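To keep things clear, I will list the structure first and then write my remarks on it.
The values are calculated or read from the model by the stated rules, or taken from the named source; none is laboratory data. In this text the structure is predicted, and so the values were computed from the model without any measurement. Here the Cβ positions follow ideal geometry from the backbone for every residue, glycine too, while neighbour counts run over all protein chains shown. Note: accessible area is taken over every heavy atom of the protein model, side chains too, but ligands, DNA and RNA are not part of it. Shrake-Rupley method; radii C 1.70, N 1.55, O 1.52, S 1.80 Å.
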Amino acid sequence: MTWVFDHLGLLGDLTVTHVYLSVLPVVLGLIIAIPLGWAASRWRPARAFLLTVSGLLYTIPSLALIVILPAIISTKTLDPVNVIITLTVYTIALLVRSIADALSAVPPTIVAAATAIGYRPFKRFLGVEFPLAIPVVVAGLRVAMVSNISLVSVGALIGIAGYGQLFTNGFQLQFVTEIVTGIVATLLLALVADLVLQLIGRLVTPWTRVGR
Amino acid sequence: MVERSAVVSGRGYCRPHYRDDRKDLGVIEFQAVTKRFDDGTVAVDELDLTVDPGRITVFVGPSGCGKTTSLRMINRMIDLTSGSILVDGKDVRQSDPPLLRRGIGYVIQQAGLFPHRTVLDNIATVPVLAGWGRAKARKRAEELLETVGLPAAMGRRYPAQLSGGQQQRVGVARALAVDPPVLLMDEPFSAVDPVVREGLQDELLRLQGELGKTIVFVTHDIDEAIKLGDKVAVFRTGGILAQYDTPAELLARPADDFVTNFVGRDRGYRALGFLTAGGLSLGELAPVKVGATVAEARQALRDGWAVVVDERNHPCGWLSADRLSSVDESATVDADLLLAGGSLYDTEHGSLRSALDAALSSPSALGVAVDGQGVLAGSITADEVLRALAAARTAGEVPQ
Ligand SMILES: Nc1ncnc2c1ncn2[C@@H]1O[C@H](COP(=O)(O)OP(=O)(O)OP(=O)(O)O)[C@@H](O)[C@H]1O
Ligand SMILES: [Mg+2]
């Protein structure tokens, strides 16, 4: 425990980096996945293509992608951009399916009612279809968030900053406290992030909790 | 004869009492309209029909006869294959669909409300789309909530917190939000139970009396068609118009066997709903006031029956000699002693049908007639109704 209090500064820095590396890809992934999911829900061929591609992306080991990315887009090996791009791709792969399914699950009568009272397609998407898809989207975001947090930790193996450094460091020094701190910190962060997402989800979908 | 049934609706047909200042907006013309779907199905075949402005026109027919398709071609939810539809002289194909649709109210079965918006926001949807600004749109929504008879507090609820009938009212309010001259309604009341449906139908007629919209109403229920329609278009399978007439004509002179069968067996009886009962002569009734003593009530009995009225002279039930024989002289007449009466016959708005029903449904065989305000006017017998009916027949007003 004293070790933890002696290294609060370090822990703080690692937290900032860890949060940054795991949250930013979720945000970027969501922004990109929404139009893709919309396309997948609207056109059958787009759905087949996008869902196949995202399925394939998911089978590539994340660490491998982070390592080969610099060769593809000529960044430095330890550039955090590699991590952000990789995790964004994973988030997209995960969310495209959630979003496509959620949009397909919006009752057609409600979409038709929206059209019939004069919505144009884009506003109808923002005003009716997407809000109704939010509960499923939030569920997808929670999975993406937690998996990103753990992937960032694992990334320490190839030199990525974050709580994972506590494992690698502790392992080299045979210092159990540091390893445990890394595990606990990762768990806590995942837990907090999940709670925050749940809370946001609840706040933006008040209609899902009304009783009869 | 409970207070609630003081309105004859549902038994006779109460037509909307149209205001005189209605605008003649919202003429809809179908000109040789055909719809052939991609798979070759002809849903509507060479339809020629003009919907009267400011009136209710009902499309009725068996399932799959093209009612919904005809309706949805008006606001271009479905595009027609050939022919043209004109709204106030303008071909609908010349309008941008979303703009066209904002000018045409649309109500569907189960209301189609947005589950993620409060009732008020649902109603305000079209005004907001039309760029009214939030505050004005909400104010309008509050007004409409009242128009359709819902308490203001309900505006903050979500659709899932309303009953089916209440949702349907909100659906109507949403369709009325920008005061469009035309209202399209596709089986709006078919998902609610019969009692609620009857209430919603009466409400629609009341509203229509105030608003005078051009309403195209789709149903497969001929009774609903006859009750609501100023004109009824009967479709047969294959999207062919079988007859387009007033309900009275439809009942009196069905065009062919298909229409005859569709209109149903007791059309002669139902046609009574369109005969005004002005010429009926009413019998005298000596009413007993609520709170009178049993002794007084016994005095008032005629053939073993007496009608009881409240302090405003509104009838509230019958007393029978039977009932009175089992109570003490000095007791007073109260609700416990009363036998519920039948339907009331409103001498101002009622039809022969409601007069006959009043007589047939009364425990004393005397129907109770009231004036337009619900005040006791006299009694009516089935014989008297039949006499008036015979007179009407001689005058050629009823199906022969
Ligand atoms: N999108 C479509 N593609 C092919 N055929 C269709 C389509 N929509 C409707 N039809 C067919 O067109 C005909 C008329 O359909 P429509 O929905 O207008 O009937 P309806 O009179 O409203 O029936 P209901 O009372 O059952 O609602 C039916 O035979 C139906 O199967
Ligand atoms: Mg239909």
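Which order, highest average first, do B:106-119, A:65-78 follow once you tally other Cβ atoms within 10 Å for each residue and take the mean per peptide? Could the numbers behind the result be given before it?
Numbers: B:106-119: 22.5, A:65-78: 13.4.
Packing proxy ranking, top to bottom: B:106-119, A:65-78.
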Let me know the mean shielding of B:106-113 by other chains, meaning the per-residue number of their Cβ atoms within 10 Å of its Cβ. 4
Once you have the alpha carbon radius of gyration of chain B, what is it after dividing by 2.2 N^0.38 Å, with N set to its residue count? 1.14
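Quantify how strongly other chains surround peptide B:322-334 by giving the mean number of their Cβ atoms within 10 Å of each of its Cβ atoms.
If you average over the peptide's residues, the count of other-chain Cβ atoms is 0.
Take every DSSP beta bridge whose two residues both sit in chain B, then give the antiparallel share in percent to the nearest 5.
On the way: 32 of 57 bridges.
DSSP beta bridges in chain B are roughly 55 percent antiparallel.
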How high is the relative contact order of chain A, in percent, counting Cα pairs under 8 Å that sit 6 or more residues apart? 24
So if I place +1 on the C-beta of Lys and Arg and -1 on the C-beta of Asp and Glu, and nothing else carries charge, what would the dipole magnitude of segment A:2-206 be about its Cα centre? I want it in debye, nearest 20. 1000
Order of B:60-70, A:189-199, B:350-360 by packing, highest average Cβ count within 10 Å first? B:350-360, B:60-70, A:189-199
Lysine pairs, Cα distance under 21 Å, 8 or more residues apart or cross-chain: how many in chain B? 11
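Can you tell me what share of the DSSP beta bridges in the protein assembly as shown is antiparallel? A percent to the nearest 5 is fine.
Roughly 55 percent of the DSSP beta bridges within the protein assembly as shown come out antiparallel.
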Computed over segment B:145-286, Cα set: Rg, Dmax in Å: 18.0, 59
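Tell me, what is the percent relative contact order of segment B:194-314, built from C-alpha pairs under 8 Å that lie six or more residues apart?
Result for segment B:194-314 is 13 percent.
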How far is helix A:176-204 tilted off the main Cα axis of chain A, in degrees rounded to 10, range 0 to 90? 20
Just want to confirm a number: the relative contact order over chain B, from Cα pairs under 8 angstrom separated by 6+ residues, in percent. 19
To the nearest 10 degrees, the tilt of helix A:130-154 (Cα long axis) against the first principal axis of the alpha carbons of chain A is 20
Beyond 30 Å, what percent of the Cα pairs of segment A:2-206 remain? 32
Neighbour net charge for B:Q109 - beta-carbon separation under 10 angstrom, K R +1, D E -1: -2
At most 15 other Cβ atoms within 10 Å and a DSSP loop assignment: could you name the GluC sites (Glu not before Pro) in segment B:278-329 that fit? B:E284, B:E311, B:E329
Charged-residue dipole, Cβ positions (Lys, Arg, Asp, Glu), the protein assembly as shown about Cα centre, Debye nearest 20: 2080
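Using the Cβ atoms and a cut-off under 14 Å, what net charge is assigned to the surroundings of A:R202, where Lys and Arg are +1 and Asp and Glu are -1?
Overall, the nearby charge balance is +1.
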Over the protein assembly as shown, the sum of -39500 (n - 2.57) across DSSP H runs of at least four, divided by residue number and rounded to 500 deg cm²/dmol, gives at 222 nm -15500 deg cm²/dmol
What are the extents of the Cα atoms of the protein assembly as shown along their three principal axes, listed from largest to smallest and rounded to whole Å? 112, 70, 39
Under the definition of partner shielding as Cβ atoms of other protein chains within 10 Å of a residue Cβ, what is the mean value for peptide B:94-101? 3
Set Lys and Arg Cβ to +1 and Asp and Glu Cβ to -1, take the dipole of the protein assembly as shown about its Cα centre, and tell me which of B:Q373, B:V385, B:V33 lies farthest positive. B:V33
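Roughly how many Å² is the accessible area per residue of segment A:2-206, as a whole number, for a 1.4 Å probe?
Counting only protein heavy atoms, the per-residue value for segment A:2-206 is 50 Å².
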Could you tell me what percent of the accessible area of segment B:288-393 is made up of carbon and sulfur, with a 1.4 Å probe and every protein chain present? 50
Ranked highest first by average number of other Cβ atoms within 10 Å, how do B:178-185, A:2-9, A:45-52 line up? B:178-185, A:45-52, A:2-9
Cα extents of segment B:256-310 along the principal axes, largest first, in whole Å, come to 61, 22, 21
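What does the charge count around B:T246 come to, taking other residues whose C-beta lies under 9 Å from its C-beta (Lys +1, Arg +1, Asp -1, Glu -1)?
Local net charge: -2.
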